[in-house]
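Here it is, the structure, as structure tokens.
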Amino acid sequence: MNKKGFTLIELLVVIAIIAILAAILFPVFAQAKQAAKKAASTSNSKQACLAELMYSGDYDDMNVVDIAWGASGAPVSYGGTNYSPWSWLVLPYMKNADALQDPQAPPNAIWPSPWQRTVALALEPQYGYNYTYLSQLNGPSPTTSTWTVYSNTTLADVANTVLFTAKFGQSETNLGWSGLYWYGANWLTTSTTVDSPHCATIPQWCFGDWGTGGFFDATYLKKNEQAGARTGGVSLRGPGNAVVTWCDGHVSTKSPGSLASGTNWTRTTASSSVVINDLTKFVWDLL
């Protein structure tokens with residue numbers, strides 16, 4: 001019986017066809033995977049938003065406080081004072097701490113035993129709160145400052161005021177697991193919030209403005225622009241855009257330039273030079 005195999009030319013043709021198909025399909029698969037992660041990120045951000053709105057509904061329409069220092073039921077303490085960030089306070093309305101994580105971001109570092117996974121996820125969310133204008137820390141000094149929490153009904157434009165944005169993960173910072181910057185009880189922490197494009201010269205305390213050479217760029221996020229080094233911790237994953245949840249509950253994807261509307265920010269502007277130049281376009285709200 002005469003058996004005929006493939007010739008060398010036939011094999012090369014088959015290999016070439018496979019290579020061409022792979023070159024065509026692999027980018028499509030990558031784009032599909034990225035699109036799926038973006039959709040999941042949008043869904044998670046929406047869940048965090050709805051939880052915050054339900055919390056607000058139970059507290060006379062007041063937005064959640066950035067940090068409830070000294071509150072009972074806190075998952076951890078810093079400096080001997082109970083620490084309950086916004087993400088912990090709204091967690092009972094979510095029932096799922098995994099929704100506080102952004103599928104587009106690299107995973108956070110694993111907390112060692114005996115820390116519970118839910119606590120770790122809640123204390124290191126990958127969606128950051130616009131605390132600068134919704135839950136302001138103001139006063140003469142960090143240790144004597146007080147929180148001023150605002151209601152959505154006081155906002156000039158609820159549908160165009162930032163509530164949350166996707167943010168960096170702890171694995172992208174210059175700190176280890178559970179690491180954060182803070183200056184004592186009743187002060188800010190860096191693990192659950194993002195900063196607005198400009199906040200350094202207004203009455204509210206903050207960590208720093210957007211731009212080059214500032215706290216996020218030079219120190220905290222090691223010049224990682226995707227993680228949010230030049231955008232106050234607002235991560236740019238999609239590609240180059242941020243997932244944003246607004247105070248009316250809708251979610252969208254925005255460019256950093258759009259989020260910096262009303263300021264002179266560009267990706268090359270020095271942090272110390274960023275200012276608000278048109279308050280009517282500013283989407284972080286000065287109330």
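For the stretch 31-86, give me each residue that is closer than 19 Å to residue 130 by Cβ and surrounded by fewer than 17 Cβ atoms within 10 Å (Cβ to Cβ).
Filtering the stretch 31-86 down to residues closer than 19 Å to residue 130 by Cβ leaves 41-42, 44-57, 59, 61-68, 84-86.
If the condition is that a residue be closer than 19 Å to residue 130 by Cβ and surrounded by fewer than 17 Cβ atoms within 10 Å (Cβ to Cβ), then 50, 54, 57, 59, 61 are the ones that fit.
Taking the condition in contact with a helix residue (DSSP H, G or I) (Cβ under 7 Å, 6 or more places away or on another chain), of a type in the set (Phe, Trp, Tyr) and under 20 Å from residue 147 (Cα atoms), does residue 83 pass?
Criteria not met by residue 83.
Give the stretch 54-79 a look and list any residue that's touching a residue at least 24 places away in the same chain (Cβ under 8 Å), out of contact with any helix residue (DSSP H, G or I) (no Cβ under 8 Å at 6 or more places or on another chain) and over 22 Å from residue 188 (Cα atoms), or say none. So that I can check it myself, show each step before the final result.
The first filter runs over the stretch 54-79 and keeps only residues touching a residue at least 24 places away in the same chain (Cβ under 8 Å), leaving 54-56, 60-67, 69-70, 75-76, 78-79.
Of the ones still in play, those that are also out of contact with any helix residue (DSSP H, G or I) (no Cβ under 8 Å at 6 or more places or on another chain) are 60, 69-70, 78-79.
The one that is touching a residue at least 24 places away in the same chain (Cβ under 8 Å), out of contact with any helix residue (DSSP H, G or I) (no Cβ under 8 Å at 6 or more places or on another chain) and over 22 Å from residue 188 (Cα atoms): 60.
Next question, about the same structure. Determine whether residue 174 is at pLDDT 90 or above and either farther than 29 Å from residue 40 by Cβ or exposed (fewer than 15 other Cβ atoms within 10 Å of the Cβ) (or both).
yes
Considering only the stretch 87-96, state which residues are surrounded by fewer than 17 Cβ atoms within 10 Å (Cβ to Cβ) and among the polar types (S, T, N, Q).
96
Looking only at the stretch 1-33, which residues are of a type outside the set (Lys, Arg), at pLDDT below 75 and in a loop (DSSP other than H, G, I, E, B)?
Hits for the stretch 1-33 are 1, 2, 5, 6.
Among the candidates 275, 251, single out the residue that is in contact (Cβ under 8 Å) with a residue 12 or more places away in the chain, surrounded by fewer than 23 Cβ atoms within 10 Å (Cβ to Cβ) and over 21 Å from residue 169 (Cα atoms).
After ruling out the rest, the residue left standing is 275.
Sticking with this one: Test of understanding: among 283, 244, 274, which residue is of a type outside the set (Phe, Trp, Tyr) and closer than 18 Å to residue 212 by Cα?
274
Continuing with the same structure: Considering the stretch 155-172 alone, what residues qualify as being outside any loop (DSSP other than H, G, I, E, B), within 17 Å of the chain's Cα centre (by Cα) and more than 19 Å from residue 90 (Cβ to Cβ)?
Initial filter on the stretch 155-172 (outside any loop (DSSP other than H, G, I, E, B)): 158-160, 162-167, 170-172.
Adding the requirement that they be within 17 Å of the chain's Cα centre (by Cα) leaves 162-167, 170-172.
Correct list: 170, 171, 172.
The values are calculated or read from the model by the stated rules, or taken from the named source; none is laboratory data. Please read all numbers here as calculations on a predicted model, not as lab measurements. Note that we place each Cβ from the backbone using ideal geometry, even for glycine, and neighbour counts take in every protein chain shown.
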